[in-house]
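The values are calculated or read from the model by the stated rules, or taken from the named source; none is laboratory data. None of the values given here were measured: they were computed from a predicted structure. Cβ coordinates were reconstructed from backbone atoms using ideal geometry, including for glycine residues, and neighbour counts include every protein chain displayed.
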Amino acid sequence: MTDLSVTTGTWVIDPTHTTLGFSAKHAMVTTVRGGFGQFEGTLVLDGAAPENSTATVSIQAASFTSGNEQRDGHVKGADFLDVEKYPTLQFTSTSVLEKGNEFVLRGDFALHGVTKQIEILAELTGVSKDPFGNDRIGFEGTTTLSRKDFGLEWNVALEAGGFLVSDKIKITLDVSAIKQA
């Protein structure tokens with residue numbers, strides 16, 4: 001277990017070394033993966049009392065990408081993210097529960113004009129100094145969201161049963177953050 005005292009401080013997410021990803025079932029048989037390329041966030045960590053820690057993240061909805069231009073355009077449109085009307089996704093933690101090197105972050109997640117409480121299971125993956133003298137911290141995290149909870153109900157019924165796009169969306173986070181002086 002990492003000595004949590006080294007985590008204390010304010011950390012800014014490094015978007016060039018962080019991945020905010022997702023996966024969803026397509027046609028009930030394949031998994032489509034992608035993520036968001038533009039975001040910013042801050043972690044204020046208290047190693048002595050992790051429950052006092054906070055996290056905030058703001059994601060530019062238009063930075064959504066799945067590797068397919070046609071699909072990306074559809075997802076950014078009114079049927080899903082509606083990036084013109086809802087340009088950002090927001091997460092603000094409301095509580096942190098420590099479980100060794102794992103943490104449960106509870107917080108308010110705003111997507112498509114709807115704010116819901118979600119839980120993210122996160123694991124501290126390390127703290128180190130990079131070759132440029134920056135103190136870095138890493139976390140990996142996951143959560144699963146229901147699209148319907150956020151008013152994202154567009155879908156197409158399949159002839160054999162089921163739907164084109166799964167309701168459940170798995171979110172994966174690989175976060176690298178740099179300590180601020």
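Within the span defined as segment 84-95, every residue fails to be of a type in the set (Gly, Ala, Ser), more than 21 Å from Gln38 (Cβ to Cβ) and out of contact with any strand residue (DSSP E or B) (no Cβ under 8 Å at 6 or more places or on another chain).
If only one of Ser166, Ser176 is at negative phi, part of a strand (DSSP E or B) and touching a Gly at 6+ places or on another chain (Cβ under 6 Å), which one is it? Sole residue among the options that is at negative phi, part of a strand (DSSP E or B) and touching a Gly at 6+ places or on another chain (Cβ under 6 Å): Ser176.
This table checks each residue for (1) touching a Ser or Thr at 6+ places or on another chain (Cβ under 7 Å); (2) aromatic (Phe, Trp, Tyr); (3) modelled with pLDDT of 95 or more.
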site: Asp3; (1), (2), (3): no, no, no
site: Leu20; (1), (2), (3): no, no, yes
site: Glu40; (1), (2), (3): yes, no, yes
site: Ala62; (1), (2), (3): no, no, yes
site: Asp72; (1), (2), (3): yes, no, no
site: Ser93; (1), (2), (3): yes, no, yes
site: Val96; (1), (2), (3): yes, no, yes
site: Lys99; (1), (2), (3): no, no, no
site: Arg106; (1), (2), (3): yes, no, yes
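Only one entry in Gly47, Gly67, Gly34 is modelled with pLDDT under 95, over 20 Å from Asp108 (Cβ atoms) and out of contact with any strand residue (DSSP E or B) (no Cβ under 7 Å at 6 or more places or on another chain), namely Gly47. Only one entry of Phe103, Phe91 meets the criterion of being in contact with a Pro (Cβ under 8 Å, 6 or more places away or on another chain) and assigned to a strand (DSSP E or B), and that entry is Phe103. Within segment 76-97, the set of residues being of a type in the set (A, V, I, L, M) and surrounded by 15 or more Cβ atoms within 10 Å (Cβ to Cβ) comprises Leu81, Val83, Leu89, Val96. Might you let me know whether segment 95-109 holds any residue that is touching a Gly at 6+ places or on another chain (Cβ under 6 Å) and polar (S, T, N, Q)? No, that holds for no residue.
Criterion applied to Glu159, Glu153, Glu123, Glu119 was being free of Cβ contacts under 8 Å to residues at least 40 places away in the same chain, closer than 18 Å to Gly47 by Cα and of a type in the set (D, E, K, R), and the one residue passing it is Glu123.
Candidates Ala48, Ala122: the one that is in contact with a Leu (Cβ under 8 Å, 6 or more places away or on another chain), more than 26 Å from Gly151 (Cβ to Cβ) and loosely packed, with under 15 Cβ neighbours inside 10 Å is Ala48.
Can you tell me how many residues within segment 98-114 are surrounded by fewer than 14 Cβ atoms within 10 Å (Cβ to Cβ) and not charged (D, E, K, R)? Residues that pass the stated criteria total 3.
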